[in-house]
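Reading through the structure tokens given below for one structure.
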Amino acid sequence: MSKRVEERVQTPGDDDSQLVSACQKGEIDAFEALVEKYQKKMLNVAYRMIGDYHEACEVVQDAFLSAYRSIKKFRGEARFSTWLYSIVLNLSKNRMKQLRTRGAREVYSIDARAETEEGSRRMDPPDPGPSVPEQMEKREFDARVQGCISGLDSEYRAVLVLRDIQGFSYEEIHDILKIPDGTVKSRLFRARDALKECLKKVLGGL
Amino acid sequence: MECQDIRKNLSAYLEGMASPEDQELIDQHLASCRACSTALYELNRTGEVLKNLKEVEPPPWMTKKIMARVREEAKSKRGFIQKFFYPLHIKIPLEAFATVLVAVIAVYVFKAMEPEMKDLQVSSPKEPVIARQEAPYPAKAPAAETQVLREKAVAQKSPAGANGKDLAVAKKEAEERARVDEEGGVGKLKEATLPLSEIKTLPAPAPPSTAPKKEAAVPIPAEASKIGESRTVERAPSPPAAAAIAPTQKDKIAIAEGAAQERKELKKAQPMAPSLRMAAKSKAELVSFLVRVRDIRLAGGEVESLLHQLGASRIERVSRASDEIITAEVKAEKMRELSEKLKLLGEVEEKDGRPGSAEKDTAIQIEIVPSH
């Protein structure tokens with residue numbers, strides 16, 4: 001693994017390296033270019049993690065500001081984008097914890113679900129009704145899917161969001177989350193299974 | 001392979017990540033197991049659903065808001081660095097103006113304090129010297145001294161005002177002196193002391209303002225007396241009244257010598273403590289009253305007319321917002337009457353100074369202030 005890290009340092013292959021070094025010299029315009037480039041993907045990661053658009057916007061702003069503050073410490077060991085996503089994911093997780101302690105959000109967790117599967121149905125999904133997914137309005141459909149994503153534990157959710165929604169490679173996910181590839185895969189497969197079960201219930205079939 | 005094992009590996013199978021053996025086993029199982037095939041389909045569908053989720057767009061203000069916060073951060077950071085590395089950074093023009101203002105105020109304060117400081121420096125070591133300087137006046141032969149002073153008084157006027165009025169005053173005085181001389185020795189003495197008081201009181205009304213002014217002002221009488229003397233010597237025989245008191249030629253030489261010596265002494269004394277000399281003189285001769293009344297303007301007018309009634313001379317009235325100051329010269333015998341009359345106007349406080357001897361005029365200063 002350390003071998004691979006060394007290889008990456010030698011061949012960064014980061015198309016942001018010029019902008020990043022300009023930022024490190026204090027050029028604010030260069031940072032603006034990076035904001036323009038990554039804000040959408042950052043927002044989508046945050047939104048899928050948190051499930052609330054406005055909270056996601058806040059988190060993205062904080063993430064960029066935090067990135068600006070510590071950009072001088074960025075050594076190019078990983079790609080800049082990877083570094084940026086790790087920041088937004090961490091901030092998203094923190095925000096979710098805050099929201100959960102406030103009780104502002106109903107929490108669905110894989111473990112909780114396992115415990116209550118035959119029980120009181122604590123994670124009651126929205127009533128699917130008679131309609132099939134194709135007939136459902138897109139927005140409503142997406143909202144139900146998001147409800148299921150939000151029900152996953154944050155570790156599973158992060159992997160699912162990065163891989164199945166944002167399309168990152170396993171290597172990138174490994175870099176972002178700093179977890180071994182095997183762990184990434186096992187989490188991902190468990191997350192998919194859990195989501196599949198949730199979607200079947202929420203959408204009334206797949 | 002059981003269905004449970006198959007389903008655990010379906011995700012890897014879908015991604016083509018299962019080992020070739022596993023892949024073959026799963027293929028065989030799926031062909032025969034309908035439930036697992038459905039599970040595979042559902043898993044595939046889940047992946048599709050996630051891929052087809054609509055992306056959210058960032059709000060249009062997002063970049064601006066982020067950059068505003070970033071710039072604020074950068075500014076405060078730079079501000080800190082600037083403060084750290086340029087502690088003497090001057091903000092023009094505010095700080096420059098403040099610096100100039102402080103400098104100007106400092107100069108003003110110093111200038112205002114300077115004369116006082118000079119006096120302070122002078123007063124303590126020079127006091128005995130002044131006492132010695134003052135001493136010769138009474139010690140000198142009264143006739144010679146008074147004569148000198150009298151001539152000086154005349155001289156002071158003649159060159160200063162070349163106009164007829166001053167000359168007339170001088171003549172009048174000379175005539176009066178001549179008349180009194182006839183009355184006798186005592187009269188002469190009395191007459192002689194009169195100009196003395198004049199000389200001494202002359203500088204007194206002038207407020208002791210700044211030291212340089214006094215220094216400039218004081219030498220004039222000395223200079224004037226020099227000119228005056230020579231004129232008196234020339235003129236001495238011509239006016240009949242002056243002739244009556246004109247001293248002999250011998251006396252004149254003595255007088256001239258005395259005057260010269262006195263000038264020397266004056267010159268010596270003046271640079272040392274001019275203001276102190278003034279203060280000492282005015283203190284000795286000036287009687288001042290503090291009158292507390294309801295209406296200071298009205299009282300001022302009454303005092304003025306009272307002074308006229310008492311035959312006071314050199315009446316000067318200065319009206320200010322908070323008080324009225326009237327200076328005059330009153331015959332000593334009228335002093336008691338003046339004091340009595342003032343008491344009728346309001347509460348009277350007689351301040352420092354002592355009334356002059358019965359024979360001569362006394363300079364008075366009446367300060368009228370509103371009563372509380």
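The values are calculated or read from the model by the stated rules, or taken from the named source; none is laboratory data. Quick caveat: nothing in here was measured; it's all calculated off a predicted structure. When we count neighbours, we look across all protein chains shown, and the Cβ atoms used for this are built from the backbone with ideal geometry, even at glycine.
When the range A:17-40 is examined, which residues are found to be more than 9 Å from chain B (Cβ to nearest Cβ) and buried (at least 18 other Cβ atoms within 10 Å of the Cβ)? Scanning the range A:17-40 gives A:Leu19, A:Val20, A:Cys23, A:Ala30, A:Leu34, A:Tyr38. The single condition among (1) within 14 Å of chain A (Cβ to nearest Cβ); (2) outside any loop (DSSP other than H, G, I, E, B); (3) crowded, with 16+ Cβ neighbours inside 10 Å that B:Ala18 does not satisfy is (2).
Residues are listed down the side, and each one gets a yes or a no for (1) at the interface with another protein chain (Cβ under 7 Å from one of its Cβ atoms); (2) part of a helix (DSSP H, G or I); (3) within 60 Å of the chain's Cα centre (by Cα); (4) exposed (fewer than 12 other Cβ atoms within 10 Å of the Cβ):
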{"residue": "B:Lys8", "(1), (2), (3), (4)": "no, yes, no, no"}
{"residue": "B:Ser11", "(1), (2), (3), (4)": "yes, yes, no, no"}
{"residue": "B:Gln23", "(1), (2), (3), (4)": "no, yes, no, no"}
{"residue": "B:Asp27", "(1), (2), (3), (4)": "no, yes, no, yes"}
{"residue": "B:Leu43", "(1), (2), (3), (4)": "yes, yes, no, no"}
{"residue": "B:Lys65", "(1), (2), (3), (4)": "yes, yes, yes, no"}
{"residue": "B:Arg69", "(1), (2), (3), (4)": "yes, yes, yes, no"}
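Checking each residue of the range A:60-74 against the condition of being within 16 Å of the chain's Cα centre (by Cα), assigned to a helix (DSSP H, G or I) and more than 13 Å from chain B (Cβ to nearest Cβ) gives no match.
When the range B:45-63 is filtered for residues that are within 23 Å of A:Gly51 (Cβ to Cβ), in a helix (DSSP H, G or I) and at the interface with chain A (Cβ under 8 Å from one of its Cβ atoms), the ones remaining, listed by number, are B:Arg45, B:Thr46, B:Gly47, B:Val49, B:Leu50, B:Lys51, B:Met62. The residue of the range A:158-206 that is surrounded by the most Cβ atoms within 10 Å (Cβ to Cβ), among those that are of a type in the set (Gly, Ala, Ser), within 11 Å of chain B (Cβ to nearest Cβ) and touching a residue at least 12 places away in the same chain (Cβ under 8 Å), is A:Ala191. Out of the residues in the range B:316-335 meeting the condition of being outside any loop (DSSP other than H, G, I, E, B) and loosely packed, with under 15 Cβ neighbours inside 10 Å, tell me which one is farthest from the chain's Cα centre (by Cα). Out of the qualifying residues, it is B:Glu333. Entry remark, the range B:29-41: residues being within 11 Å of chain A (Cβ to nearest Cβ) and surrounded by fewer than 16 Cβ atoms within 10 Å (Cβ to Cβ) number 2 in total. Can you tell me how many residues within the range A:75-96 are of a type in the set (S, T, N, Q), crowded, with 16+ Cβ neighbours inside 10 Å and over 10 Å from the mean Cα position of the chain (by Cα)? Looking only at that region, the number is 2. Within this structure, B:Glu72 passes the test of being at pLDDT 75 or above, among the acidic types (Asp, Glu) and out of contact with any Ser or Thr (no Cβ under 7 Å at 6 or more places or on another chain).
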